[in-house]
Amino acid sequence: MKQSRVEAFTDAIVAIIMTIMILEFKTPETPSWTGILADVPYLFAYVVSFFFMAVAWYNHHYLFALLNRITKRIYWVNNMWLLTMSMIPVATAWTGRYIFARGPEYFYLLVFFLWSLAFVWLSVEIRNVLRQSNPKAAEKIDQMATMRFMNGWKMPTFTLTLAIATYFFPPLCLVATLGELIYMGLNTNADADRVA
């Protein structure tokens with residue numbers, strides 16, 4: 001399968017998912033600032049999720065730029081990654097509407113965790129293909145901040161700690177997610193903006 005087709009398909013799905021999230025934001029019924037202030041929790045959830053997908057897309061692009069062919073397995077694992085990402089608008093809308101409730105925050109954390117597992121799975125599949133054809137590129141995947149964080153003890157520990165903390169203060173789930181995304185966005189590989 002041509003790599004460009006899978007990349008175009010993935011880009012389209014990610015763009016649609018990002019667009020769907022803003023459609024959940026309703027225009028205030030009043031011209032006063034109080035109308036928009038009532039939606040600040042959703043705006044915060046939207047911003048976190050938007051950057052979640054932006055960082056994810058950037059790292060996905062890096063993975064695919066290192067790759068020289070799409071296997072059937074990579075194609076289907078990529079679809080699993082997109083499936084987990086497609087749940088983000090629902091998690092965002094629910095969390096934004098009930099930011100101080102545990103249920104929506106736990107659902108958001110679950111979606112984030114499932115997405116992380118799918119991303120690690122996709123990264124490992126790509127790395128395994130590259131080990132045969134381009135070992136140096138495979139090493140670059142192991143050096144990615146996302147892989148170092150998610151492919152070890154850090155991600156389960158972070159998720160468990162956050163699950164406990166969310167029980168006591170639910171909005172902490174979004175705040176911690178934002179912090180992790182900032183870290184991931186700032187700590188990309190040195191050649192991340194030079195691969196083609």
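What follows is calculated from the coordinates using simple rules that are stated; it is not laboratory data. The shown structure was predicted, so the numbers you read here are calculated from the model rather than taken from an experiment. Because the Cβ atoms are built from the backbone with ideal geometry, glycine has one as well, and the counts that use them run over all protein chains shown.
Size of the dipole of the chain about the Cα centre, Lys and Arg at +1 and Asp and Glu at -1 on the beta carbon, nothing else charged, in debye to 20?
680
Can you list the DSSP H helices in the chain whose Cα atoms extend at least 27 Å along the helix axis and whose mean Kyte-Doolittle hydropathy is -1.0 or higher?
Passing helices, by number: 3-23, 40-66, 102-133.
Tell me which of 167, 135, 30 sits at the most positive position along the dipole axis of the chain, charges placed on C-beta atoms (Lys, Arg +1; Asp, Glu -1).
The residue sitting most towards the positive pole is 135.
What is the gain in length, in nm to one decimal, between residue 133 and residue 11 on full extension, counting 0.36 nm per residue of separation less the C-alpha to C-alpha distance?
41.4 nm
Could you put 16, 126, 70 in order, starting from the residue whose Cβ has the fewest other Cβ atoms within 10 Å?
16, 70, 126
Write out the chymotrypsin sites (Phe, Trp or Tyr not before Pro) in region 134-196 meeting two conditions: DSSP loop, and at most 11 other Cβ atoms within 10 Å of their Cβ.
Those that pass, being in a loop and sparsely packed, are 153.
Each label point is 7 Å from the Cα along the Cα-to-Cβ direction; what then is the distance between the points at residue 3 and residue 47, in nm?
Modelled inter-label distance: 3.6 nm.
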